[in-house]
1. Out of Val324, Val371, which single residue is modelled with pLDDT under 95, within 25 Å of Thr67 (Cα to Cα) and in a strand (DSSP E or B)?
2. Could you check, for segment 375-386, whether at least one of its residues is at pLDDT 90 or above and among the small types (Gly, Ala, Ser)?
3. Of Leu317, Leu293, Leu339, which residue is of a type in the set (A, V, I, L, M) and within 18 Å of the chain's Cα centre (by Cα)?
4. When residues of segment 300-321 are filtered for being among the hydrophobic types (A, V, I, L, M, F, W, C) and assigned to a strand (DSSP E or B), how many remain?
5. Just name the residue that is nearest to Leu118 (Cα to Cα) out of those in segment 237-268 that are assigned to a loop (DSSP other than H, G, I, E, B) and modelled with pLDDT of 95 or more.
6. Going by the conditions given, is Val218 open to solvent by 40 Å² or more (accessible area, probe 1.4 Å) and either within 13 Å of the chain's Cα centre (by Cα) or in contact (Cβ under 8 Å) with a residue 60 or more places away in the chain (or both)?
7. If a residue must be without any contact (Cβ under 8 Å) to a residue 24 or more places away in the chain and under 13 Å from Pro117 (Cα atoms), how many such residues does segment 57-87 contain?
8. Val43 versus (1) in contact with a Lys or Arg (Cβ under 6 Å, 6 or more places away or on another chain); (2) at pLDDT below 95: which is the lone unmet condition?
Amino acid sequence: MADTSVKFIHSGMTGAPVLNGVAAALIGVLDACLKDGFGIGTVDSITIAGGVATVQRSAGHPMEVGTVALIAGATVSGGDINGEQKVTAATSTTYQFDATGLANQTATGTITHKVAPLGWAKTGSGNLAAYKPTDPAATGCMLRVDDSGTTLARIRGFETMSDINTGLGLFPTDAAVSGGLYWPKSSSSDATARAWILVGDGRLFYLMVAYQSTAGQVFGFNHVFGDINAVKSPDAFACLVHGMVTSSGGTAGNNSAADFDDGNGTAQSTGTYLPRSYVGVGGNIAARKSFPLIVGSSGGKSGNTGMPYPNNADGGLYLSPYHVIDHASGVYRGVAPGLYAFPQMVGPTSFGSRDRLEGVSGYSGKVFRVVNSAVGCFAFDTTGPWR
């Protein structure tokens, strides 16, 4: 069966929540993607033939190839099709998923579907929310979001929280970034919709926002929260948060990959923090990220500098994973899974945002989706699992 732990969700899907320059708009997106799902509806039928289930909905649906659909209320003989299913084909009124092992039949019952969420939990209401993975293997760290602003939200991580305004193990602390990091939503305080893409699993997510009205499908890379794949086992503090350190995000000139494109430099990656060092004592620490194949110790940008594309030796396209390092000590903490940089000169014109990539060198069987910034692009593993 196909892995369904990784979800790739975006604003272009039917029924997706709108992100704009209005208070609580970001929380609406996070609620839908992390805990609720969206696009719920009753399907017309599900027919199984030759090990393939075909969902019919004449009113349309939000699914596309690679989407994880959540099916409920279906009864079939010889098995079960309820739960998460990865879409393998789609038209405007139908979509399909694998039903290997089930006899040809038509499912009965009042059957509903929706785009499956990542499976996180939420506390808080209105303009304030805190999100936490429900995966028992997670560190348990929580993301607090203050979405009372229009163009920007304020976010920070907590090791634990007793209520929406109280917690322990703050990262970053006020001493590091007073009031927390910034996550841009829109360059203007209005209801103009902004494109967004969220990709993640039950323990970490990346959110990319095209927060300038003129940016189209050019996304800013400033929204990250969740557990990395730590090299130390266990590492109860291997939780990463990334955002802007000033309120200049979301304005002209900030729709680039500049905050998320490091090569092998030794400087702190601005706006990147972990709750504690690898020894598990003290408070929040600054982190730095490294995409090792990007050429140059500074100024390297994913897809914009480095080796030629296609690679002259073999015509290949290569990817470089995202490594996380404790900044002060230089200790390697692990990999932030799912996100890859292009160490070749690909550039934002080589691929469109949400393009599918297959046959990438060293990643046989994997399907990646591209997200463009103003200067380069990144790829996300949507096949999974990440862990």
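The values are calculated or read from the model by the stated rules, or taken from the named source; none is laboratory data. Quick caveat: nothing in here was measured; it's all calculated off a predicted structure. Ideal geometry is used to build each Cβ from the backbone, glycine not excepted, and the neighbour counts take in all protein chains shown. Protein only, heavy atoms only, side chains kept; ligands, DNA and RNA dropped before computing areas. Shrake-Rupley method; radii C 1.70, N 1.55, O 1.52, S 1.80 Å.
1. Step by step, each of Val324, Val371 is checked, and only Val371 is modelled with pLDDT under 95, within 25 Å of Thr67 (Cα to Cα) and in a strand (DSSP E or B).
2. Yes, segment 375-386 contains at least one residue that is at pLDDT 90 or above and among the small types (Gly, Ala, Ser).
3. After applying the criteria, what remains is Leu339.
4. 1
5. Ala238
6. yes
7. So the count comes out to 1.
8. Looking at each condition in turn, Val43 falls short on (2).
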